[in-house]
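K.L.:
Quick one: the structure is below, questions incoming.
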Amino acid sequence: MKNTRDDVAISEVVGFVLLLALVIAALSMYTVYVVPVNGREDEIVQMTYVEEQFTDYKFTLDALWTSRLINTNGPSPVLNVTPFISSSSLRLGNGGNSQLSGLSFPLFKPIASSATISIKTTGDTFDIDSSNYQGSTGDKGEFPINITALEYRSNNYYWIQQQYSYQLGGVFLYQDNSTINRISPLISITRSGNNRTVVNVVPVQIVGNGSYTSNNLVRVDTRQRTLPNYNISLNQYRNNQWVNLSITTADNATAGMWLNFFNNMAVREPLSVNKTGSSWNPGSKRATVFMYIFGPTPQSVALYVQRVEFDVAFNTVATEVT
């Protein structure tokens, strides 16, 4: 005769094991499928926030340097002697399971993403030539300039890596081996009422060093530097028959972005821009993208260049910065 009491006990153990297996399977499915989806959404929200912050930063710096121009008459603008300071906070990561406490289980929450913010020299150069300026002895040394940038580089776990960069007064996005011009740099070409072409360039430069890697807040303090104007801003170099703007870079995606930027500007001002294009230097393995503006007379192209540089420093807001 069978022991029904033992059978009942075994069936209860088997039932418990099956139930535990179902629970583990469900939790595994949640970890494999739901957690990455939540993490992806968190990182998309974070990168949207970063884009908005860089947009605000660009417009804040625009207001910072234009507010100092108290007199634009004469050979060069007169600057307010007191530099203004801007301070803003930027969240570098989305927090994730680093913010959990109590009975929460980090295994079932997305991993906290982080990012690095830094001030760097991009390796690219920006050059300005003109019919008067390029032939002047001793003055050409201030151009080309090495482009500097404030850069945010993501460390995402569930979404594509993105890099935002503020340089030359514009905002650029680097992702998937491509470069996107989010907000155009401070370069404009217009036609004046007396049938002259006016070229305005503000090559904003970022000065400083250091970087932070974190998933918390960092404070970005920015102060405009008091500097003399470029020599190219002097009256004797202002009126030209031609002006050439160029970017030299080793990155093909960046070269393509700048060529597209110049081409779009040429379409908007067909009577002003005579030629855009690019050339390749096999020795340095760098491409130069240019925009050439030509006028019919020696004074038909007016060139205005405003020198703007900012000192940028990082300061911790939270204590968990690494």
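Readers should treat all values here as calculations from the given coordinates under stated rules, not as data from a laboratory. A quick note: this is a predicted structure, and the numbers were derived from the prediction, not measured. Please note: Cβ atoms are built from the backbone with ideal geometry, for glycine as well, and neighbour counts cover all protein chains shown.
K.L.:
What full-extension length gain, to one decimal in nm, is calculated for Thr66 and Asn194 as 0.36 nm per residue of separation minus the Cα-Cα distance?
P.N.:
On the way: separation 128, 0.36 × 128 = 46.08 nm, distance 2.62 nm.
Contour length minus Cα-Cα distance gives 43.5 nm.
K.L.:
Given R₀ = 25 Å, FRET efficiency for Arg182-Leu234 by Cβ-Cβ distance, to 0.05?
P.N.:
On the way: r = 34 Å, r/R0 = 1.34.
Efficiency, from the Cβ-Cβ distance: 0.15.
K.L.:
Then there's this: What order do you get for Val301, Val201 when you list them from fewest to most C-beta neighbours inside 10 Å? Write down the numbers at each step before the final one.
P.N.:
On the way: Val301 25, Val201 21.
With the sparsest Cβ surroundings first, the list reads Val201, Val301.
K.L.:
Now for a different question. Could you state the principal axis extents of the C-alpha atoms in segment 176-230, from the largest down, to the nearest angstrom?
P.N.:
54, 37, 17
K.L.:
Something else: Find the centroid of the Cα atoms in segment 173-209 and in segment 240-291, then give the distance between the two in whole Å.
P.N.:
Segment 173-209 and segment 240-291 have Cα centres separated by 12 Å.
K.L.:
Only counting other Cβ atoms within 10 Å, I'd like Glu151, Glu51, Glu43 sorted with the fewest neighbours first. Show your work: numbers first, answer last.
P.N.:
Values: Glu151 20, Glu51 17, Glu43 24.
Lowest count first: Glu51, Glu151, Glu43.
K.L.:
Testing the spin-label approximation: label points 7 Å from Cα along Cα→Cβ at Ser86 and Glu309. State their distance in nm.
P.N.:
Spacing of the two 7 Å Cα→Cβ label points: 1.9 nm.
K.L.:
Once the Cβ-Cβ distance between Asn281 and Asp56 is put in as r, and R0 is 25 Å, what FRET efficiency do you end up with, to the nearest 0.05?
P.N.:
Result of the calculation: an efficiency of 0.10.
K.L.:
So for each of 152-162, 240-250, 224-234 I average, over its residues, the number of other beta carbons within 10 Å; can you give me the resulting order with the highest mean first? Display every interim value, and only then the final one.
P.N.:
On the way: 152-162: 18.0, 240-250: 21.1, 224-234: 15.9.
Result, highest mean first: 240-250, 152-162, 224-234.
K.L.:
On to the next question. Quick one: Debye curve from the alpha-carbon atoms of segment 138-268 only, equal weights, vacuum; give me log10 I(q)/I(0) at q = 0.15, 0.19 Å⁻¹ to two decimals.
P.N.:
So the normalised log intensities work out to -0.92, -1.32.
K.L.:
Taking a label point 7 Å from the Cα of Thr297 along the Cα→Cβ vector, which residues of segment 195-225 have an amide N closer than 18 Å to it?
P.N.:
195-199, by backbone N distance to the label point.
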